[in-house]
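J.: The structure's right below; bear with me while I get my questions together.
The values are calculated or read from the model by the stated rules, or taken from the named source; none is laboratory data. As the structure is a computational prediction, the values presented were derived from the model and not from experiment. Cβ placement follows ideal geometry from the backbone for every residue including glycine, while neighbour counts extend to all protein chains displayed.
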């Protein structure tokens, strides 16, 4: 087998499976990180959330946010609910960037993002992935997605 044939096979496999793998990966991330917020002390983002939305009691807000994120993940995992997942995610993602503005002393070291800032900024990749997944909602379901 030559390199051109191998390249064709690999890129065809990526095209065939990439969207679904991306959707499931997002689902896992949202379910996992959301589930951590359901149990006090498990989520590394718990204090950041509490400090950001200080006008809400973190005792109930953090678990509600966690349940919201788990719901996003579950909706992503079941193809007919992708649109609902993206709507829920749009609301959730808007809030994730608040610490960059409200807590610059925690998220920035001058013009350099701290670890917390990097944790937030990586959400740009998650947003881009959601856009790619959202672009598939009108695709016909393949046999592999059943």
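J.: What number goes with the only condition from (1) within 17 Å of the chain's Cα centre (by Cα); (2) modelled with pLDDT of 95 or more that residue 95 does not pass?
T.: Failing condition for residue 95: (2).
J.: Let me ask another. Select from the stretch 33-45 the residues that are surrounded by fewer than 17 Cβ atoms within 10 Å (Cβ to Cβ) and either touching a residue at least 40 places away in the same chain (Cβ under 8 Å) or assigned to a loop (DSSP other than H, G, I, E, B) (or both) and list them in ascending order.
T.: If the condition is that a residue be surrounded by fewer than 17 Cβ atoms within 10 Å (Cβ to Cβ) and either touching a residue at least 40 places away in the same chain (Cβ under 8 Å) or assigned to a loop (DSSP other than H, G, I, E, B) (or both), then 38, 39, 40, 41, 42, 44 are the ones that fit.
J.: Any idea which of (1) more than 21 Å from residue 28 (Cβ to Cβ); (2) within 17 Å of the chain's Cα centre (by Cα); (3) modelled with pLDDT of 95 or more is the one residue 102 doesn't satisfy?
T.: Checking residue 102 against (1) more than 21 Å from residue 28 (Cβ to Cβ); (2) within 17 Å of the chain's Cα centre (by Cα); (3) modelled with pLDDT of 95 or more, the one that fails is (2).
J.: Another question, if that's okay. Quick test for you: out of 48, 65, 22, pick the one residue that is closer than 17 Å to residue 134 by Cβ and in a helix (DSSP H, G or I).
T.: Criteria check complete, one pass: 22.
J.: If you don't mind, there's one more thing I want to ask. Here is a check on your reading of the model: is residue 136 modelled with pLDDT under 95 and in contact with a helix residue (DSSP H, G or I) (Cβ under 7 Å, 6 or more places away or on another chain)?
T.: Working: modelled with pLDDT under 95: yes; in contact with a helix residue (DSSP H, G or I) (Cβ under 7 Å, 6 or more places away or on another chain): yes.
Judged against the criteria, residue 136 is a match.
J.: Which of the following residues is part of a helix (DSSP H, G or I) and surrounded by fewer than 15 Cβ atoms within 10 Å (Cβ to Cβ): 9, 92? Give the steps one after another, and end with the answer.
T.: On the way: 92 fails: surrounded by fewer than 15 Cβ atoms within 10 Å (Cβ to Cβ).
Residue meeting the stated conditions: 9.
J.: Any chance the stretch 73-80 includes a residue that's within 27 Å of residue 55 (Cβ to Cβ), free of Cβ contacts under 8 Å to residues at least 24 places away in the same chain and buried (at least 17 other Cβ atoms within 10 Å of the Cβ)? Steps first, please.
T.: Within the stretch 73-80, the first condition is being within 27 Å of residue 55 (Cβ to Cβ), and the residues that meet it are 73.
Still in the list and also free of Cβ contacts under 8 Å to residues at least 24 places away in the same chain: none.
No, the stretch 73-80 has no match at all.
J.: Would you confirm, using the coordinates I've provided, whether residue 86 is crowded, with 17+ Cβ neighbours inside 10 Å, assigned to a helix (DSSP H, G or I) and either touching a strand residue (DSSP E or B) at 6+ places or on another chain (Cβ under 7 Å) or without any contact (Cβ under 8 Å) to a residue 24 or more places away in the chain (or both)? Let's see the steps before the verdict.
T.: On the way: crowded, with 17+ Cβ neighbours inside 10 Å: yes; assigned to a helix (DSSP H, G or I): yes; either touching a strand residue (DSSP E or B) at 6+ places or on another chain (Cβ under 7 Å) or without any contact (Cβ under 8 Å) to a residue 24 or more places away in the chain (or both): no.
So residue 86 fails the test.
J.: Let me ask something additional. Could you say whether any residue in the stretch 44-54 is under 28 Å from residue 101 (Cβ atoms) and under 15 Å from the mean Cα position of the chain (by Cα)? Even if it seems obvious, please write down each step before you answer.
T.: Of all residues in the stretch 44-54, those under 28 Å from residue 101 (Cβ atoms) come to 44-54.
Filter once more, keeping what is under 15 Å from the mean Cα position of the chain (by Cα): 45.
There is at least one residue in the stretch 44-54 that is under 28 Å from residue 101 (Cβ atoms) and under 15 Å from the mean Cα position of the chain (by Cα).
J.: Is there any pair linking a residue in the stretch 132-146 that is more than 18 Å from residue 84 (Cα to Cα) to one that is in a helix (DSSP H, G or I) and modelled with pLDDT of 75 or more, with Cβ under 8 Å and at least six apart or on different chains, and which?
T.: The qualifying pairs are 142/16; 144/16; 144/17; 144/20; 145/20; 145/79.
J.: Provide a single number: the residues in the stretch 11-43 that are within 16 Å of the chain's Cα centre (by Cα) and more than 19 Å from residue 77 (Cα to Cα). Before you say what the answer is, go through the steps one by one.
T.: Step one: of the stretch 11-43, the residues within 16 Å of the chain's Cα centre (by Cα) are 19-37, 43.
Now drop any that are not more than 19 Å from residue 77 (Cα to Cα), which leaves 37, 43.
Number satisfying all stated conditions: 2.
J.: Okay, next question. Answer yes or no as to whether residue 6 is in contact (Cβ under 8 Å) with a residue 40 or more places away in the chain and farther than 13 Å from residue 130 by Cα. Lay out the reasoning, then the answer.
T.: Details: in contact (Cβ under 8 Å) with a residue 40 or more places away in the chain: no; farther than 13 Å from residue 130 by Cα: yes.
Answer is no for this residue.
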